[in-house]
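What follows is one structure encoded as structure tokens, with my remarks underneath.
Each value in this text was obtained by applying a stated rule to the coordinates, not by laboratory testing. Every value quoted in this text rests on a predicted model; they were computed, and no experiment measured them. Neighbour counts run over all protein chains shown; Cβ positions are idealised from the backbone, glycine included.
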There are 2 protein chains.
Amino acid sequence: MISVILLGAGNVATHLYKAFQASNDVTVKQWFNRSLKPIETYKNEVEILDDISQLTEADIYILAVSDDAISELSSKLPFENRFVVHTSGSVNAYDIDKKNRRGVFYPLQTFSKSATVDFSEVPICLETLVKTDYKTLKSLAISISNHVKRVNSDQRASLHLAAVFVNNFTNQIYRVAHEITESQGAEFDMLKPLILETAKKVQDMSPYKAQTGPAKRNDKKTIKKHLKALENEHHKAIYNLLTESIKKTHGR
Amino acid sequence: MISVILLGAGNVATHLYKAFQASNDVTVKQWFNRSLKPIETYKNEVEILDDISQLTEADIYILAVSDDAISELSSKLPFENRFVVHTSGSVNAYDIDKKNRRGVFYPLQTFSKSATVDFSEVPICLETLVKTDYKTLKSLAISISNHVKRVNSDQRASLHLAAVFVNNFTNQIYRVAHEITESQGAEFDMLKPLILETAKKVQDMSPYKAQTGPAKRNDKKTIKKHLKALENEHHKAIYNLLTESIKKTHGR
């Protein structure tokens with residue numbers, strides 16, 4: 001049994017809490033947040049606290065707080081030489097105060113308040129500065145996920161950056177598509193099966209192989225027609241840049 | 001029972017053929033292609049032909065050929081005043097030779113040779129120039145799909161253009177993410193659950209509401225870190241443009 005103390009009350013903290021509670025191999029000993037309000041619902045299941053001096057002993061302390069808060073919170077911890085990890089994709093493990101043994105437990109997924117998450121499908125990237133801590137962290141990760149991977153800082157940074165592309169930028173592309181259809185009174189809903197299929201396709205095929213369309217074919221007639229139809233200069237700029245990008249990738 | 005004659009042998013034609021064959025309401029009377037080779041596999045199930053003068057009668061003739069071939073093929077049809085549709089998202093219905101009654105049967109999905117398609121989930125956009133033909137075309141569409149919609153030319157053009165965004169451009173974003181992870185020896189595979197989740201999220205939530213991340217938060221520190229990490233100028237340009245686009249959308 002691995003004992004865990006959770007710090008923070010955002011989406012990552014809450015989803016982690018639920019995943020740990022559902023696991024037979026993990027016990028959440030305490031849940032700290034600077035304000036009790038967001039975690040009050042759970043007070044009958046777990047000890048909740050807002051006084052950092054009351055933190056007890058545990059195998060792993062998880063700082064599931066915003067990037068900017070990690071360093072300061074870690075320096076306020078009232079103990080030394082225990083095992084402390086953060087959950088950020090972009091913060092260095094060395095940003096955790098060095099009085100404790102440090103590591104990273106980065107779940108690579110988008111978490112929203114409402115949607116439930118099947119954690120068994122969430123990749124978790126692990127890093128420890130003290131070699132002997134890795135075994136503990138791995139046990140914790142595999143207790144909730146089937147996709148656990150040791151990554152170094154550069155690899156984690158590149159995954160976090162790539163995640164911004166496939167999550168935030170892709171979502172913005174959907175948004176632009178929404179604006180384009182709406183401007184002609186067409187329904188964005190009609191695009192939803194295509195959105196899903198595009199994401200499914202690259203689950204077993206490289207994006208390189210999966211590519212189709214006018215840019216890949218260098219179909220100048222269709223490209224010209226599309227650019228003419230785009231009224232919004234900003235949409236036009238995105239169309240041009242990504243068309244160039246596809247041409248470049250496919251040697252056009 | 002609706003009788004159909006299919007012309008063309010590309011991905012759309014082949015997937016349509018299979019969907020029609022699986023339906024109890026449609027019979028494919030003939031399958032024409034200028035070369036028999038790609039459709040020879042089906043010669044025991046359907047009459048295949050490469051001589052256009054041998055086309056027989058049917059309720060609907062479907063020109064499932066490339067955009068550039070539609071006009072010419074339609075003018076070669078050896079009959080008049082029959083119902084002829086094309087399957088293109090971007091070609092005008094008026095491009096079909098006017099000796100026949102014209103329409104559009106546009107399935108809004110990405111088709112690849114290998115992957116099987118569940119046509120019941122594919123939206124089909126319909127347009128007819130002769131009003132009385134609509135009923136026939138709708139019957140054909142609902143025999144294979146649960147998402148049938150009448151759209152005018154402008155709406156269809158905007159859907160086709162938006163489809164390039166959510167399919168080709170999104171896929172290129174995946175490709176860039178692949179390049180970013182590979183450059184640091186990280187695994188693109190780790191991003192696959194996030195790719196799927198991002199597409200699933202907008203099935204019930206608008207892309208506007210689904211957005212998260214550094215650009216939406218206007219988190220300058222992370223954005224700066226990302227831009228520094230991006231070595232490829234082309235990737236940097238995409239990062240900048242889409243970050244600006246998100247900021248604009250969310251009033252940052």
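Key figures for this structure:
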| item | result |
| --- | --- |
| Nearest-to-axis residue of chain A, judged by beta-carbon position, where the axis maps A onto B, in Å | A:199, 2 |
| For residue B:2, residues with placed amide H under 5 Å, excluding near neighbours | B:26, B:27 |
| Distance in nm between pseudo-label sites at residue A:112 and residue B:114 (7 Å out along the Cβ direction from Cα) | 3.2 |
| Burial ordering of B:206, A:90, fewest other beta-carbon atoms within 10 Å first | B:206, A:90 |
| At R0 = 45 Å, FRET efficiency that the Cβ-Cβ distance of residue B:81 and residue A:218 yields, to 0.05 | 0.75 |
| Spacing of the two label points (7 Å from each Cα toward its C-beta) at residue B:252 and residue A:18, in nm | 2.6 |
| Residue order, fewest to most beta carbons within 10 Å, for B:156, A:82, B:101, A:150 | A:150, A:82, B:101, B:156 |
| Ascending list, in nanometres, of distances separating the residue A:3 label from those of the other copies (7 Å, Cα toward Cβ) | 8.1 |
| Estimated dipole of the range B:96-252 in Debye, rounded to 20 [Cβ of Lys and Arg +1, of Asp and Glu -1, Cα centre] | 740 |
| Contact order relative to length of chain A, as percent, for alpha carbon pairs under 8 angstrom and 6 or more apart | 12 |
| Fraction of beta bridges assigned by DSSP in the protein assembly as shown that are antiparallel (%, nearest 5) | 20 |
| Residue-averaged 222 nm ellipticity for chain B, from DSSP H runs of 4+ at -39500 (n - 2.57), nearest 500 | -12500 deg cm²/dmol |
| Taking A:27, A:249, B:110 and counting other C-beta atoms within 10 Å, the order from fewest to most | A:27, A:249, B:110 |
| Two-site FRET efficiency, residue A:72 against residue B:232, from Cβ-Cβ distance with R₀ of 35 Å, rounded to 0.05 | 0.50 |
| Ascending list, in nanometres, of distances separating the residue B:99 label from those of the other copies (7 Å, Cα toward Cβ) | 9.0 |
| The range B:2-151, relative contact order in percent, only Cα pairs under 8 angstrom and at least six apart counted | 21 |
| Cα gyration tensor shape of the range B:2-151, rounded if a/c is under 1.5, else prolate or oblate by comparing a/b with b/c | rounded |
| In nm, spacing of pseudo-spin labels at residue A:98 and residue A:205 (7 Å Cα→C-beta vector) | 5.1 |
| Summed residue charge, Cβ within 15 Å of residue B:59's Cβ, Lys/Arg positive, Asp/Glu negative | +3 |
| Beta bridges per DSSP with both ends in chain B, % antiparallel, nearest 5 | 20 |
| Copies compared at residue B:130 - label distances in nm, ascending, label defined 7 Å from Cα in the Cβ direction | 8.3 |
